[in-house]
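Structure first, commentary second.
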Amino acid sequence: MQRFLFIFCFFSLFLGPVLAQEDQFLQANNAYNQSDYGKAISLYEEILSTQQESVDLYLNLGNAYLKNNQLGKAVLNYERGLKIDNSNKLLLQNLKFANKQIETPLTLIQDFFLSRYWHTVVTSMSSGGWASLQIILLILIAIALGFWFLGKSLSNKKTAFYSLIILVSILLFSILAGTTKYNIERNATHAVVINNSASLLTGASPQSELLLNLSEGIKVKLLDQIEDYYKVELIDKEVGWIALSELEAI
């Protein structure tokens, strides 16, 4: 009997919150289907406040914000979902649709091709994936070292030596890529304008000269921060300062 009570308490303690969140997620979905977007947003945000996040949650929350005419928040949540799965077709499709509604026209200027290539490689795996690759490489390096030191034939030693050079080079590359990916996951590198007609200024003060008025939904790259202002770069490479209150980090 005591064992039964222990098992019951164990499952109640750990499964209770999970089941409650699933029920809240279903309630939010029902509110969305009934066009009560304000209630759906509130319920989805409550789930996020418990540090529970998923692609489906960000997708549904983005859709609710879009239906509620809050374009900036919609883009923000689509982008946050893509940080979890950058190849999700629904997120990409809905983000593309939302971006077409942004009022401020900006012309995309591509980064240098090596920079784009590096970003593609880094984001091809999570930081955990890069860490797993590094463990495999360390095992292979240990095996190659064994063949190098213990091998009897000269050809085997040469093969082991050249294998070591290649494996160590790949390991160093994976460490750099994994560190970069970890920093991307842990530190905000981009943000989305959430207020309509946000001011892009020449400096980090309200007295600075106005460069451009930005509509909500525009994604910017974060470069620096001074007190209540972010230094940002737009997709057309324009650089300026925006108040923290007008942005939300992805």
(message) For the condition farther than 26 Å from N99 by Cβ and not in a helix (DSSP H, G or I), what is the one hit in K158, K152?
(response) K152
(message) Being basic (K, R) and surrounded by fewer than 15 Cβ atoms within 10 Å (Cβ to Cβ) is the requirement here; does K100 meet it?
(response) yes
(request) Being surrounded by fewer than 14 Cβ atoms within 10 Å (Cβ to Cβ), part of a strand (DSSP E or B) and charged (D, E, K, R) narrows it down to one of D224, D236, so name that one. (result) D224
(message) Suppose the filter is in contact with a Lys or Arg (Cβ under 7 Å, 6 or more places away or on another chain), modelled with pLDDT of 90 or more, surrounded by 13 or more Cβ atoms within 10 Å (Cβ to Cβ) and not assigned by TED's automatic domain parsing to the domain that holds L222; does S127 pass it?
(response) yes
(message) For the structure I just gave you, tell me whether V232 is at pLDDT 95 or above, in contact with an Asp or Glu (Cβ under 8 Å, 6 or more places away or on another chain) and closer than 30 Å to E103 by Cβ.
(response) no
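Considering only residues that are more than 18 Å from the chain's Cα centre (by Cα) and either among the charged types (D, E, K, R) or at negative phi (or both), which ones fall in region 64-93?
Passing the criteria: A64, Y65, L66, K67, N68, Q70, L71.
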(request) Tell me, please, whether a residue that is under 27 Å from S115 (Cα atoms) and part of a strand (DSSP E or B) can be found in region 183-191. (result) yes
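Checking the condition crowded, with 16+ Cβ neighbours inside 10 Å, touching a residue at least 12 places away in the same chain (Cβ under 8 Å) and under 21 Å from the mean Cα position of the chain (by Cα), which residue from I218, I242, I175 passes? Working first, answer last.
Numbers: I242 fails: under 21 Å from the mean Cα position of the chain (by Cα); I175 fails: crowded, with 16+ Cβ neighbours inside 10 Å.
From the options I218, I242, I175, the qualifying one is I218.
Within region 15-32, identify whether any single residue is within 19 Å of the chain's Cα centre (by Cα), closer than 27 Å to N99 by Cβ, among the aromatic types (F, W, Y) and in a helix (DSSP H, G or I), and answer yes or no. Reasoning before the result, please.
Our first condition is that a residue be within 19 Å of the chain's Cα centre (by Cα); within region 15-32, this holds for none.
For region 15-32, residues within 19 Å of the chain's Cα centre (by Cα), closer than 27 Å to N99 by Cβ, among the aromatic types (F, W, Y) and in a helix (DSSP H, G or I): absent.
The values are calculated or read from the model by the stated rules, or taken from the named source; none is laboratory data. Since we're looking at a predicted model, the values are computed, not measured. All Cβ positions, glycine included, derive from the backbone under ideal geometry; neighbour counts span all protein chains shown.
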